[in-house]
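Chemist: Quick one: structure below, then a few questions.
The values are calculated or read from the model by the stated rules, or taken from the named source; none is laboratory data. On a predicted model such as this, the values are computed, not experimentally measured, just so you know. Heads up, the Cβs are rebuilt from the backbone with ideal geometry, glycines too, and the neighbour counts pull from every protein chain shown. The protein model used for the area step is the full one, side chains on, heavy atoms only, and it has no ligands, DNA or RNA in it. Shrake-Rupley method; radii C 1.70, N 1.55, O 1.52, S 1.80 Å.
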Amino acid sequence: MRMPRKLTISLIFGGAISALTLYLASRNVPTDQLLSYLGTVNYWWIVPTFVIVVVTFILRALRWKVILKGICEVSFWQSFHPTMIGFMMNCVLPGRVGELARPVLLKRDRGVAVTAGLSTIAAERIFDLISLIVMFILFFSSVSGNIEIEGTYLGVHLDGEILKSIVTGMIRLGIVLALFIALLTIDRSRNLIKQIIERIGQGLTRVMPGLERPIGRLFNLAQSIIDNIAIGLSLVRNPVQLAHCAGLTAAIWALTAVSYLVFAMGCPGINLSLPEFTTVMVIICFVIALPSVPGFWGLWEAGGVFALSIFGVGEKDALGFILVNHASQIFPVIGMGLISALITSVNILQLSHTGTAADGKPIAQPDAQPDAQHGLEGE
């Protein structure tokens, strides 16, 4: 099967960015010194790191299961396998196509509209972003008084004022996301948005009467998508589910930070505290939001070396630690995702390209009936 043109372009573009950032992160570290450092690492610490990473993805599957309660009931395995397939696809395919895998598989298995499924993924990302913002504010402020936060890395000057502006920007982004959720989940505001869309459509049909039918379809689809997104975000109305998701999100990111700390026990020259590792993790998460090749190679290393340099870690030790820790974070995901794909008979490339199941059948099962509660009324 030929690789789709968009995937090819994304791979080339992302590969160029990752190669550049990996070069910038390592250009000041001689290869022999890096190899020498890698030879001093105690790789047995990868074992407990792997275990912690696996636990975090079990928690991610449980969180998605809770979020899906507003749409349909799924078992743990019905949540776990699509979760692992989606994250694995982000590690091996360009363009973050894994974000679409779960909604597509959810439609195949449960007949849920893709837009409703996508909104549950958006809800996850909102929980993650808010959690990262909170951790950045809490933990960075707790360690900033103990170190001198000023220096130049890759030509960029960093000081306390710049970091303060980053925190402010993230808080503003969190507020915007919260307002977006409120507008779509509160009946009155959502209905107002739909009325505005309807009036715009009516105005366009008066101006272009010959296009009344396609315009009507387009604006009906827009209203349906809004309803499906609201269904996917319906957990916001349930305080118990909301608290459950918040708790699972906090546990996911706390354990991820702990995995950094655990692996560092086998790495010479890496002596950071848990709050400091939490800050490093958060910085890496924001850096890898930029386009890159699958697995975030290059950006992860550049962000990690940059973050560790804030805490006085030398480039050789920082790059050696980040390279191996990066591998320990994503290889378990790739392995579990491939196993889940085999168990559920999913063809990864076909799923990313055509949106069909491995046997070539449409994602929507033939016996799926329209049901507004399940977000099926508008594709």
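Chemist: Is region 252-259 home to any residue that is among the hydrophobic types (A, V, I, L, M, F, W, C), closer than 20 Å to LEU93 by Cα and crowded, with 19+ Cβ neighbours inside 10 Å?
Modeler: No.
Chemist: Something else: Taking region 102-125 only, how many residues are under 25 Å from ALA178 (Cα atoms) and open to solvent by less than 20 Å² (accessible area, probe 1.4 Å)?
Modeler: Within region 102-125, residues that are under 25 Å from ALA178 (Cα atoms) and open to solvent by less than 20 Å² (accessible area, probe 1.4 Å) number 11.
Chemist: Next up: State all residues of region 199-240 that are under 33 Å from the mean Cα position of the chain (by Cα), open to solvent by 80 Å² or more (accessible area, probe 1.4 Å) and at pLDDT 75 or above; if no residue qualifies, say none.
Modeler: ARG217, LEU218, ASN220, PRO239, VAL240
Chemist: Also, quick follow-up: Tell me, please, whether a residue that is over 21 Å from GLN241 (Cβ atoms) and not charged (D, E, K, R) can be found in region 75-84.
Modeler: yes
Chemist: Can you tell me which of PRO48, PRO82 is at pLDDT 85 or above and closer than 21 Å to PHE263 by Cβ?
Modeler: PRO48
Chemist: Separate question: Across region 128-143, what is the total count of residues that are modelled with pLDDT under 80 and among the aromatic types (Phe, Trp, Tyr)?
Modeler: 2
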